[in-house]
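Chemist: Let me give you the structure first, and then I'll get to my questions.
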Amino acid sequence: MTLILASQSAARRAMLSDAGVPHDAMAPGVDEDAAKQALRAEGNDARRMADALAELKALKLSRRFPEALVLGCDQTLAAVDGAMFDKPETRDEAAAQLRALRGTTHRLISAAVICLGGEPIWRHVDVAKLAMRDFSDGWLETYLDAEWPAIAGCVGGYRLEGLGAQLFARIDGSYFTVLGLPLLPLLDYLRVRGVLGS
Ligand SMILES: Nc1nc2c(ncn2[C@H]2C[C@H](O)[C@@H](COP(=O)(O)OP(=O)(O)OP(=O)(O)O)O2)c(=O)[nH]1
């Protein structure tokens, strides 16, 4: 049975490929901004947002390919005060987000939903807690000189790998969840489904 990844995320595609999961990747073709706005207006928290957006993406392609397993994913960030951050559109926005997060612990919530025949059949939400150190403004500029615009596609305005490791004092949770996919629970399920060997 084919697995379709309903995602344009390079990180998600790489995680699946590197883990030996055969899949086709396709853009989910949903208006995420409109969906996020509606979900926020309904008062959904970061966890519910991630789960609902992951399902939306998976459902959209599952209706087109009802015979395939379709995986949708989404990641949200909740700051210690409950504020939600998304992907920065400018370097200044990335700087502002990182200044707001430094010296605090925030949560990255990564959700995955699998649909078959237009119906959700599996879902998992995983949370990582990241304690960001109180880095200096000077160090922040060094980081952005090196990492902008590569971090423009990342929730929170950072990549953990590479120089991004210097942002953090401590991380509790899965590396994969930080990169946007609850990979280990997904692999478990794919073994149950017989997509992967056990
Ligand atoms: N390489 C890397 N990517 C990260 C990291 N943290 C988050 N990301 C990326 C993974 C996802 O592509 C993106 C999370 O944003 P979304 O969940 O909205 O996914 P995105 O719009 O990129 O793709 P999709 O909606 O799945 O088509 O941030 C990290 O530490 N390293």
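Chemist: What does the charge count near Ala78 come to, summing +1 for each Lys or Arg and -1 for each Asp or Glu among other residues with Cβ under 12 Å from its Cβ? Walk me through the intermediate numbers first.
Modeler: Details: positive: Arg47, Arg48, Arg107, Lys129; negative: Asp45, Asp81, Asp86.
Spelling it out: positives minus negatives among the neighbours equals +1.
Chemist: For the chain, what does the accessible surface come to per residue with a 1.4 Å probe? Please give it in Å². Please report the intermediate quantities before stating the final value.
Modeler: Details: 9230 Å² over 198 residues.
Computed with neighbouring chains in place, this is 47 Å² per residue.
Chemist: Sticking with this one: Mind pulling the angle between the C-alpha long axis of helix 91-101 and the longest principal axis of the chain? Nearest 10 degrees, somewhere in 0 to 90.
Modeler: Roughly 80 degrees between the two axes.
Chemist: When the label point is put 7 Å from the Cα of Ile121 along its Cα-to-beta-carbon vector, which residues of the stretch 1-34 have a backbone N closer than 14 Å?
Modeler: Taking a point 7 Å out along Cα→Cβ of Ile121, the residues of the stretch 1-34 whose backbone N falls under 14 Å are 1-4.
Chemist: If exposed GluC sites (Glu not before Pro) are those in a DSSP loop with at most 13 other Cβ within 10 Å, what is the longest stretch of the chain that has none? Before the final figure, lay out the partial values.
Modeler: On the way: sites that count: Glu42, Glu67, Glu89, Glu161.
The longest such stretch corresponds to 90-160.
Chemist: Please report the projected area of the chain's Cα convex hull averaged over all directions, in nm². If you can, show how the numbers build up before the last one.
Modeler: On the way: hull surface 43.1 nm².
If you wrap the Cα atoms of the chain in a convex hull and average its projections, you get 10.8 nm².
Chemist: I've got another one for you. If you line up the long axis of helix 137-147 against the longest principal axis of the chain, both from Cα atoms, how many degrees apart are they, to the nearest 10?
Modeler: 40
Chemist: Further question on the same structure: Once you place label points 7 Å from the Cα toward the Cβ at Thr104 and Val80, how far apart are they in nm?
Modeler: 0.8
Chemist: Once every DSSP H run of n ≥ 4 in the chain is given -39500 (n - 2.57) and the sum is divided by its residues, what mean residue ellipticity at 222 nm do you get, rounded to the nearest 500 deg cm²/dmol?
Modeler: On the way: 7 runs with 75 residues, N = 198.
My calculation for the chain gives -11500 deg cm²/dmol from helical runs alone.
Chemist: Sorted by mean Cβ packing within 10 Å, highest first, what order do the peptides 17-26, 176-185 take?
Modeler: On the way: 17-26: 13.9, 176-185: 22.4.
Most protected by this proxy first, the peptides run 176-185, 17-26.
Chemist: Using alpha carbons only, how many degrees (0 to 90, rounded to 10) separate the axis of helix 46-64 from the longest principal axis of the chain?
Modeler: 40
Chemist: For the chain, which whole percent of the accessible surface, found with a 1.4 angstrom probe, sits on carbon and sulfur atoms?
Modeler: That fraction is 49 percent.
The values are calculated or read from the model by the stated rules, or taken from the named source; none is laboratory data. All values reported here derive from a predicted model rather than from experimental measurement. Cβ sites come from the backbone with ideal geometry, for glycine too, and all protein chains shown count toward neighbours. Keep in mind that these areas ignore ligands, DNA and RNA; they rest on the heavy atoms of the full protein, side chains included. Shrake-Rupley method; radii C 1.70, N 1.55, O 1.52, S 1.80 Å.
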